[in-house]
1. If the requirement is being among the aliphatic types (A, V, I, L, M), assigned to a loop (DSSP other than H, G, I, E, B) and modelled with pLDDT of 55 or more, which of these qualifies: VAL42, VAL25?
2. Which ones in segment 108-132 are in contact with an Asp or Glu (Cβ under 6 Å, 6 or more places away or on another chain), surrounded by fewer than 17 Cβ atoms within 10 Å (Cβ to Cβ) and hydrophobic (A, V, I, L, M, F, W, C)?
3. Name every residue in segment 37-69 that is small (Gly, Ala, Ser) and more than 21 Å from TYR148 (Cβ to Cβ), in order of residue number.
4. Would you confirm whether any residue within segment 75-85 is outside any strand (DSSP E or B), farther than 20 Å from MET29 by Cβ and under 17 Å from the mean Cα position of the chain (by Cα)?
5. Can you tell me which of SER105, SER176, SER140 is among the hydroxyl-bearing types (Ser, Thr, Tyr), within 26 Å of ALA71 (Cβ to Cβ) and surrounded by 19 or more Cβ atoms within 10 Å (Cβ to Cβ)?
6. List pairs: first in segment 175-198 and of a type in the set (Ser, Thr, Tyr), second surrounded by 18 or more Cβ atoms within 10 Å (Cβ to Cβ) and assigned to a helix (DSSP H, G or I), Cβ under 9 Å, 6+ apart or cross-chain?
7. Which condition from (1) surrounded by 18 or more Cβ atoms within 10 Å (Cβ to Cβ); (2) assigned to a strand (DSSP E or B) is the one that MET52 breaks?
8. Report whether or not SER132 is in a strand (DSSP E or B), under 21 Å from GLY65 (Cα atoms) and over 11 Å from the mean Cα position of the chain (by Cα).
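The values are calculated or read from the model by the stated rules, or taken from the named source; none is laboratory data. Note that the structure is a prediction, hence the values are computed from the model and not measured. Note: ideal-geometry Cβ built from the backbone for every residue, glycine included; neighbour counts use all protein chains shown.
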Amino acid sequence: MKKTSLLVLTALLSFAGFANAHGPVRAKMTATITVDAPAAKVWDLIKNYDDMSWLPAVKSVTGEGTNAKGAIRKLHLTSGGTITEELKAYDAAKFSYKYKITEMSSSSTIKHAGQDEHIPVLPVGNYAAELSVTDKGGKSEIEWVATYYRAYVNNNPPAELNEEAADKAVSGVLKSGLESIAKKEGSGSAAVEIDIKR
């Protein structure tokens, strides 16, 4: 009996060690805000995939394919960097669309563990998101859900590429974007709620 227990304990410890050494863990961040405007009016502001003038961090957008699945948009950021995204799904009837980051420029380079590491303008990997608007009796709930990993795929990430850096950057984008929409729709004091799961 003791031998069996020891074997089970050894297996569990080995699995735990493997899990800890497995690198980044997928995060799901959900940001929501309720604005005092009809859903159709809010959707009208954000419905064009190649127009993100409502997002403060975006200086301009170049796009091709408008709202068709597979459309590509390139965000030119106020910071000088760029993010390229592909439209994965678009549903005008449900006031929603999904997209994925396919390419990003770097904001800087650091030395870590003897290697040069490029810091992407958004320090994440495998980022996908959905933006949707739901009617709430004449008001609107806007939900922006992002799934992503930290940018550093190996163990022991530098501070610039760890989970905290990824969470801070993503929450900053979602929060500022939803607050901007609320302000444009006359609900400037509306609060953004953020939930994150791993």
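1. On the way: VAL42 fails: assigned to a loop (DSSP other than H, G, I, E, B).
The unique qualifying residue is VAL25.
2. Step one: list which residues in segment 108-132 are in contact with an Asp or Glu (Cβ under 6 Å, 6 or more places away or on another chain), which gives 109-110, 119, 132.
Add one more test, that the residue is surrounded by fewer than 17 Cβ atoms within 10 Å (Cβ to Cβ), and what stays is 109-110.
Answer for segment 108-132, where residues must be in contact with an Asp or Glu (Cβ under 6 Å, 6 or more places away or on another chain), surrounded by fewer than 17 Cβ atoms within 10 Å (Cβ to Cβ) and hydrophobic (A, V, I, L, M, F, W, C): just ILE110.
3. Just the residues of segment 37-69 that are small (Gly, Ala, Ser), to begin with: 37, 39-40, 53, 57, 60, 63, 65, 68.
Listed by number, the residues that qualify are ALA37, ALA39, ALA40, SER53, SER60, GLY63, GLY65, ALA68.
4. Step one: list which residues in segment 75-85 are outside any strand (DSSP E or B), which gives 78-81.
With farther than 20 Å from MET29 by Cβ added as a condition, the list becomes 78-81.
Next, from what is left, pick out any that are under 17 Å from the mean Cα position of the chain (by Cα): 81.
Yes, segment 75-85 contains a residue that is outside any strand (DSSP E or B), farther than 20 Å from MET29 by Cβ and under 17 Å from the mean Cα position of the chain (by Cα).
5. Working: SER105 fails: surrounded by 19 or more Cβ atoms within 10 Å (Cβ to Cβ); SER176 fails: surrounded by 19 or more Cβ atoms within 10 Å (Cβ to Cβ).
When all the criteria are applied, what remains is SER140.
6. Hits for this filter: SER187/ILE181; SER189/ALA182.
7. (2)
8. Values: in a strand (DSSP E or B): yes; under 21 Å from GLY65 (Cα atoms): yes; over 11 Å from the mean Cα position of the chain (by Cα): yes.
Spelling it out, SER132 is indeed in a strand (DSSP E or B), under 21 Å from GLY65 (Cα atoms) and over 11 Å from the mean Cα position of the chain (by Cα).
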